[in-house]
Protein chains: 2
Amino acid sequence: MPVETASRVPALMNIATRLRIDSVRATTEAGSGHPSTCCSAAEIMAALFFAEMRYDPLDPGNEDNDRFVLSKGHGAPVLYAAWAEAGIIAREDILSLRRLESDLEGHPTPRLPWVDVATGSLGQGLCAGVGIALNARRIASGYRTYVLLGDGETAEGSVWEAAEMAASHKLDSLCGIIDVNALGQSQPTQLQHDMQAYANRWSAFGWYTVVVDGHDLTAILDALAQARRVTDRPTMILARTIKGKGISLLEGKGGWHGKTLKKGAEADQALAELQAQLVTDDGPPLTPRAPERRQRDGARPAAVAAPQYALGETIATREAFGTAIARLGAADERIVALDADVKNSTFSERFQQQHPERFYQCFIAEQVMIGAAMGLAARGAIPFPSTFAAFLSRAYDFIRMAAISGSNIKLAGSHAGVSIGEDGPSQMALEDLAMMRAQPNMTVLYPCEAVSTERLLEAAASHRGPVYMRTSRPKTPVLYGPGETFEIGGLKILRQGNQDVATVIGAGITVFEALKAYDTLQKRDIAIRVIDLYSLQPIDADTLVRCARETGGRLITVEDHYEGGGVGDAVAAAVAAHGFTVHRLAVREIPRSGTPEELVDHYGISARHIVAAVTSSREP
Amino acid sequence: MPVETASRVPALMNIATRLRIDSVRATTEAGSGHPSTCCSAAEIMAALFFAEMRYDPLDPGNEDNDRFVLSKGHGAPVLYAAWAEAGIIAREDILSLRRLESDLEGHPTPRLPWVDVATGSLGQGLCAGVGIALNARRIASGYRTYVLLGDGETAEGSVWEAAEMAASHKLDSLCGIIDVNALGQSQPTQLQHDMQAYANRWSAFGWYTVVVDGHDLTAILDALAQARRVTDRPTMILARTIKGKGISLLEGKGGWHGKTLKKGAEADQALAELQAQLVTDDGPPLTPRAPERRQRDGARPAAVAAPQYALGETIATREAFGTAIARLGAADERIVALDADVKNSTFSERFQQQHPERFYQCFIAEQVMIGAAMGLAARGAIPFPSTFAAFLSRAYDFIRMAAISGSNIKLAGSHAGVSIGEDGPSQMALEDLAMMRAQPNMTVLYPCEAVSTERLLEAAASHRGPVYMRTSRPKTPVLYGPGETFEIGGLKILRQGNQDVATVIGAGITVFEALKAYDTLQKRDIAIRVIDLYSLQPIDADTLVRCARETGGRLITVEDHYEGGGVGDAVAAAVAAHGFTVHRLAVREIPRSGTPEELVDHYGISARHIVAAVTSSREP
């Protein structure tokens, strides 16, 4: 061991003890939290923040800072304590833990500038770490990415998606550390302290693996040094620890997960015990090492050319998506794309063809696709992860956490609804709008043709925050000229007149069913208004209300989606305050295989059903 | 190799060839589907269905039949072809593949009696297999469970959740086979034909592992025989195969995933090529071996005792959930419970204490928890998987597929909404009602206190189909006497009079905010009607409409959930046809940490906000 490392150990030991003390102080003051899980990780945190990582505590925006993700988010107090020790926050701030007015929440969120992604839903941090490490390559930075995991969370499949992806992308700048304290929330973990079993798993997945005593600072520093020397693969450090380490009341004991020390004698005794562990001769104070900062051109996005389609030409919105992201990628190098082995169906292969260095293949692993996108977004990329919309449901917890993070990701889901046809319900997204609309800061877009798809993707790229775009499998005719403008929160009125007896609101493929219904009704001298509701969230409530007023208060929505949470609910919520209600045409049962045309008709969302709804008695 | 085995190989070779022929015929007739993925699995399917598995083709309901799950659901035609070969369906039925009037859908669903769970969303079959194998133990059956996976789908984390759980439960009756054809949908798989890498991973996860040539029937039969002899752990057979095997146009070639052979010369040539592979002297025809059937007592569920609570006693609905499932489990041995290491927070530990043999610990792995529950339900158990409601979002794709399967699972999610307090948004379910309501056949229940929780769980257990119950963290007072009845699709009117100026509809913790608002308003001589909407789907539309009529058309919903897809949308959809609209009080932004009381007030769903909504101008 180099002399320099050995000389730092006493100071690091004291830092670890102070991290324990502050974790206890904060959680006892808050009256809730997880002191025992902080204690098992104290030496790991001390080694990372005060010996290993290179970062400027005064400059969270430095893009060459090493990154740290606390995947075991319930250990938040020990992270906040490390910041206090590094001078990032004032030490007494930690006593505001979990208060409504404090950003030091129960689990870390990116409201705090040193946090890249919200954690607290276990098994997500390593996925984000994959994206953060990919970003280092993208911007040619030497920063390294460290992820601290709990042992219990390695039961989450998402961790193994990240393991596979990190290995296949040879992410040698990524270093995970598992705090193997052997105690879960409600009982001992599956593998407890079987360190060999952990090592076997990570080695089998292609990682460089080191087992250490997680309370031995020399061993931790040595493992981190090994990780730094490894090339061509990521490293996982497996740290054998004791939950509650340092406090005899908790040490290695079950029943203390998420339990704080009571104010008064109980906490005082623990704090005294920890104080007694401080060594007196710990050498000069340790400060974090500065990162190697590189100069970069702040390449400005170039202008994006207008989409090239002829009116009436038929093209699927999923195909326009592929064309658009390739085009956007040419104008802005921050744009990246991620795929889960469906790039020939979603057309994201067009991005890959033009920008192979910014295209990340995640294989059939949607959770790490979204998690890595969150990591990339946190470090300045603008990621477009895409797959079949149905399979985004696989990553809904990640999408939920992306919303909590306010992550700048641009999700795209293709093959929405029964209109995909023969493949059957497992491949049909019929709940994706409900999933996405539920997140209050999610922009939800659903274009019906190519020009609006392309223009809305431009808008999505320049909008700050999470966006979802739903695309369809069938080809649809181009409705709009190349100069037409589309904005988030807008809609288009496609047919209108003074005699309209109802407003029919479609989105995606149902816009064309509404137009067919218009033609049919026109022959019977019945006029309807037809709306292309391409933006579901935000939604243009004013125009919808005006149309309701102008068409006898009759609003009919038609959507290739289940009834709950979709287009009908979005419109109903928008117009409710004005006393208008909505007649909803939607898919109301589990569908089956068939041709697209058969299914659209069979499940009640074809032109014929719109005509029937318009011509049915106006009274309920 | 035993003589008996050797003598069966020629017949099995011919069966494999016929499975290829029928797969081509069916997909060519349908004009869509995945013949190439059927061809790689033909020998595996022949060996399983005509040499290895014990089942009675005439009796799909025989609970001792060996089970088969086609995790690579896009290989459906080869499964249907095997059934045709076994006489389960008529051979010409396969030509109805993917037609609206046929149950032979693009991906298998349990509309077909031999299918336990719908597949087609990759990575789910092995999770179901875990549950099916656990069920064999539950009913003391000797049946074995076989799961055929694609290689691409092993990138899904859920597969590794199943791997861990099967190993930790020592499921030696479970045998997986991975069809390693090395070609994904859009490109070669991550590991291609690196059989050692596959073997390393499965061995590291504790499985007995055999690598075979997946077109060598002798090797496959030998591997299956080995699997049968292994005790104390599951077996994974890694079969090296060639996609499109047997048809020179497709064999081992990219670009053929999900592509059919064109009717006419292309298909005819492939069929002729396959016909030529039939050997002439293949011995006597093979028929499936019969299962060892056991006699079982059809134990009838006993009567369930009434819940024991005193009016006004405070108890959290999550705690009542734990008490109830333990009580139900005592009355009906089909009831089982599954946990993801939060049993001390959800109180499912009460079930474990009373019925340890029917309690399955999944550790922190929600996908396999739901998948295993689906497998258990398919074989006659009534599973109650539970965790924090927020973390059910991790398994949303499984829940979606459970709905497609019409699976008899009873999901429970605790810690709903901002009322959990200090832990912060990562632990708060605020989109679970949207998730669940979107599924059209999902029953969605949300009781506010202990008696209704217990009674609704009884109703859930005897209801056939998927059910979700949302429970809360805070203690709430008991409102109902032990004899009160609750039904799926019902509600309770808690306060009413002739002068009610509005109907306030709460659910869960907001029922008590509504009751507080009632008291406040009463002092100001304003009367309101208060509803406990404990069943969101189905919903009692008639009573809601009547209440709207009787209270000036004013409906106010208040929910500890985001606006999109929750209580407000459910009520709005129910009353829309009668011209009534809903004023929604809901959480409208990403929340943060704080005390429950602070958060309920800060995010606009406390009694104060209800009072304001009632007393605000009636006109919008």
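The condition of being among the β-branched types (Val, Ile, Thr) and closer than 18 Å to B:Asp432 by Cβ holds for only one of B:Val545, B:Val582, B:Val600, that being B:Val600. Of note, B:Ala612 satisfies the criterion of being under 26 Å from B:Asp500 (Cα atoms), surrounded by fewer than 21 Cβ atoms within 10 Å (Cβ to Cβ) and more than 10 Å from chain A (Cβ to nearest Cβ).
Output the residue which, of all residues in the range A:170-208 that are of a type outside the set (Gly, Ala, Ser) and assigned to a helix (DSSP H, G or I), is surrounded by the fewest Cβ atoms within 10 Å (Cβ to Cβ).
That would be A:Gln196.
Looking only at the range A:530-545, decide whether some residue is more than 10 Å from every other protein chain (Cβ to nearest Cβ), touching an Asp or Glu at 6+ places or on another chain (Cβ under 7 Å) and either hydroxyl-bearing (Ser, Thr, Tyr) or more than 27 Å from A:Asp423 (Cα to Cα) (or both). Can you show your working first?
Step one: filter the range A:530-545 for residues more than 10 Å from every other protein chain (Cβ to nearest Cβ), giving A:530-535, A:538-544.
Add one more test, that the residue is touching an Asp or Glu at 6+ places or on another chain (Cβ under 7 Å), and what stays is none.
No, the range A:530-545 contains no residue that is more than 10 Å from every other protein chain (Cβ to nearest Cβ), touching an Asp or Glu at 6+ places or on another chain (Cβ under 7 Å) and either hydroxyl-bearing (Ser, Thr, Tyr) or more than 27 Å from A:Asp423 (Cα to Cα) (or both).
Residues satisfying the criterion are absent from the range A:421-428 (criterion: among the aliphatic types (A, V, I, L, M) and surrounded by fewer than 24 Cβ atoms within 10 Å (Cβ to Cβ)). Looking only at residues in the range B:154-187 that are at the interface with chain A (Cβ under 7 Å from one of its Cβ atoms) and out of contact with any strand residue (DSSP E or B) (no Cβ under 9 Å at 6 or more places or on another chain), the one that is nearest to A:Asn344 (Cα to Cα) is B:Gln185.
Between A:Gly375, A:Gly329, A:Gly322, the distinction of being away from chain B (no Cβ under 11 Å), outside any strand (DSSP E or B), crowded, with 24+ Cβ neighbours inside 10 Å and free of Cβ contacts under 8 Å to residues at least 40 places away in the same chain belongs to A:Gly322 only.
One line per residue, one yes/no per condition, for (1) closer than 30 Å to A:Gln196 by Cα; (2) in contact (Cβ under 8 Å) with a residue 60 or more places away in the chain; (3) of a type outside the set (D, E, K, R); (4) not in a loop (DSSP other than H, G, I, E, B):
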{"site": "A:Thr218", "(1), (2), (3), (4)": "yes, yes, yes, yes"}
{"site": "A:Ala225", "(1), (2), (3), (4)": "yes, yes, yes, yes"}
{"site": "A:Arg233", "(1), (2), (3), (4)": "yes, yes, no, no"}
{"site": "A:Lys262", "(1), (2), (3), (4)": "no, yes, no, no"}
{"site": "A:Arg294", "(1), (2), (3), (4)": "no, yes, no, no"}
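Of all residues in the range A:343-369, those that are within 21 Å of A:Thr317 (Cβ to Cβ), aliphatic (A, V, I, L, M) and touching a residue at least 60 places away in the same chain (Cβ under 8 Å) total 0.
Yes or no, residue by residue, for (1) of a type in the set (Ser, Thr, Tyr); (2) under 17 Å from A:Pro288 (Cβ atoms); (3) surrounded by fewer than 23 Cβ atoms within 10 Å (Cβ to Cβ); (4) at pLDDT 95 or above:
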site: A:Val3; (1), (2), (3), (4): no, no, yes, no
site: A:Ser23; (1), (2), (3), (4): yes, no, no, yes
site: A:Gly31; (1), (2), (3), (4): no, no, yes, yes
site: A:Thr37; (1), (2), (3), (4): yes, no, no, yes
site: A:Asp56; (1), (2), (3), (4): no, yes, yes, yes
site: A:Ser71; (1), (2), (3), (4): yes, no, no, yes
site: A:Glu105; (1), (2), (3), (4): no, no, no, yes
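In this structure, does A:Arg111 turn out to be facing chain B (nearest Cβ under 10 Å) and closer than 19 Å to A:Glu63 by Cα? Yes; evaluated as a whole, the condition is true for this residue.
Matching residues to (1) closer than 17 Å to B:Gly33 by Cβ; (2) of a type in the set (D, E, K, R):
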| site | (1), (2) |
| --- | --- |
| B:Asn65 | no, no |
| B:Gly75 | yes, no |
| B:Ala81 | yes, no |
| B:Leu97 | yes, no |
| B:Ser102 | yes, no |
| B:His107 | yes, no |
| B:Arg111 | no, yes |
| B:Leu122 | yes, no |
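Scanning the range B:525-539 for residues that are touching a Gly at 6+ places or on another chain (Cβ under 6 Å) and among the charged types (D, E, K, R) yields a count of 0.
Scan the range A:273-284 and give yes if some residue there is more than 30 Å from the chain's Cα centre (by Cα), buried (at least 19 other Cβ atoms within 10 Å of the Cβ) and more than 30 Å from A:Trp83 (Cβ to Cβ), otherwise no. Break it down stepwise before answering.
Looking only at the range A:273-284, we keep the residues that are more than 30 Å from the chain's Cα centre (by Cα), and these are A:273-284.
Next, only the ones that are buried (at least 19 other Cβ atoms within 10 Å of the Cβ) stay: A:274.
From what is left, the residues that are more than 30 Å from A:Trp83 (Cβ to Cβ) are none.
No, there is no match, as no residue in the range A:273-284 is more than 30 Å from the chain's Cα centre (by Cα), buried (at least 19 other Cβ atoms within 10 Å of the Cβ) and more than 30 Å from A:Trp83 (Cβ to Cβ).
Mind telling me which of the residues A:Ala219, A:Ala182 ends up being within 23 Å of A:Leu79 (Cα to Cα) and out of contact with any Ser or Thr (no Cβ under 7 Å at 6 or more places or on another chain)? Reasoning before the result, please.
Numbers: A:Ala182 fails: out of contact with any Ser or Thr (no Cβ under 7 Å at 6 or more places or on another chain).
It is A:Ala219.
One residue alone among B:Phe347, B:Phe363 is buried (at least 22 other Cβ atoms within 10 Å of the Cβ), within 13 Å of another protein chain (Cβ to nearest Cβ) and over 20 Å from B:Arg138 (Cβ atoms), and that residue is B:Phe347.
Could you please find all residues in the range B:92-113 being within 20 Å of B:Met401 (Cα to Cα) and of a type outside the set (Ser, Thr, Tyr)? Steps first, answer last, please.
Applying the first criterion (within 20 Å of B:Met401 (Cα to Cα)) to the range B:92-113 yields B:98, B:100, B:102-113.
Passing the criteria: B:Arg98, B:Leu100, B:Asp103, B:Leu104, B:Glu105, B:Gly106, B:His107, B:Pro108, B:Pro110, B:Arg111, B:Leu112, B:Pro113.
So, in the range A:382-411, exactly how many residues are part of a loop (DSSP other than H, G, I, E, B), touching a strand residue (DSSP E or B) at 6+ places or on another chain (Cβ under 8 Å) and buried (at least 24 other Cβ atoms within 10 Å of the Cβ)? Reasoning before the result, please.
Looking only at the range A:382-411, we keep the residues that are part of a loop (DSSP other than H, G, I, E, B), and these are A:406-409.
Filter once more, so that each one left must be touching a strand residue (DSSP E or B) at 6+ places or on another chain (Cβ under 8 Å): A:408-409.
If we keep only those that are buried (at least 24 other Cβ atoms within 10 Å of the Cβ) as well, we get A:409.
Going through the range A:382-411 one residue at a time, the tally reaches 1.
Can you pull out the residues in the range B:228-245 that are out of contact with any helix residue (DSSP H, G or I) (no Cβ under 9 Å at 6 or more places or on another chain) and of a type in the set (A, V, I, L, M)? Before you say what the answer is, go through the steps one by one.
So in the range B:228-245, the residues out of contact with any helix residue (DSSP H, G or I) (no Cβ under 9 Å at 6 or more places or on another chain) come out as B:229-232.
The one that is out of contact with any helix residue (DSSP H, G or I) (no Cβ under 9 Å at 6 or more places or on another chain) and of a type in the set (A, V, I, L, M): B:Val230.
Just for the range A:438-450: of the residues that are within 14 Å of chain B (Cβ to nearest Cβ) and part of a loop (DSSP other than H, G, I, E, B), which one is surrounded by the fewest Cβ atoms within 10 Å (Cβ to Cβ)? Steps first, answer last, please.
Filtering the range A:438-450 for residues within 14 Å of chain B (Cβ to nearest Cβ) gives A:438-444.
So of that shortlist, the ones also part of a loop (DSSP other than H, G, I, E, B) come out as A:439-442.
Values: A:Gln439: 24, A:Pro440: 18, A:Asn441: 16, A:Met442: 21.
Applying the filter and picking the extreme gives A:Asn441.
Out of all the residues in the range A:242-265, is one or more under 30 Å from the mean Cα position of the chain (by Cα), within 26 Å of A:Met53 (Cβ to Cβ) and buried (at least 22 other Cβ atoms within 10 Å of the Cβ)? The answer is yes; a qualifying residue exists.
A quick yes/no check of all residues on (1) in a strand (DSSP E or B); (2) without any contact (Cβ under 8 Å) to a residue 60 or more places away in the chain; (3) within 13 Å of chain A (Cβ to nearest Cβ):
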{"residue": "B:Gly413", "(1), (2), (3)": "yes, yes, yes"}
{"residue": "B:Ala434", "(1), (2), (3)": "no, no, yes"}
{"residue": "B:Ser452", "(1), (2), (3)": "no, no, no"}
{"residue": "B:Gly465", "(1), (2), (3)": "no, yes, yes"}
{"residue": "B:Met469", "(1), (2), (3)": "yes, no, no"}
{"residue": "B:Ser472", "(1), (2), (3)": "no, no, no"}
{"residue": "B:Pro482", "(1), (2), (3)": "no, no, no"}
{"residue": "B:Leu494", "(1), (2), (3)": "yes, yes, no"}
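If you check A:Val582, A:Val558, A:Val567 for being within 14 Å of another protein chain (Cβ to nearest Cβ), more than 28 Å from the chain's Cα centre (by Cα) and among the β-branched types (Val, Ile, Thr), only one passes: A:Val582.
Residue by residue, here is whether (1) within 14 Å of chain A (Cβ to nearest Cβ); (2) closer than 25 Å to B:Pro234 by Cα; (3) touching a helix residue (DSSP H, G or I) at 6+ places or on another chain (Cβ under 8 Å); (4) touching a residue at least 24 places away in the same chain (Cβ under 8 Å) holds:
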residue: B:Glu85; (1), (2), (3), (4): no, no, yes, yes
residue: B:Ile88; (1), (2), (3), (4): no, no, no, yes
residue: B:Leu97; (1), (2), (3), (4): yes, no, yes, yes
residue: B:Leu126; (1), (2), (3), (4): yes, yes, yes, yes
residue: B:Ile132; (1), (2), (3), (4): no, yes, yes, yes
residue: B:Arg138; (1), (2), (3), (4): no, yes, yes, yes
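The values are calculated or read from the model by the stated rules, or taken from the named source; none is laboratory data. Here the structure is a predicted model, which is why all the values come from computation and not from measurement. Every residue, glycine as well, gets a Cβ built from its backbone with ideal geometry; the counts of neighbours run over all protein chains shown.
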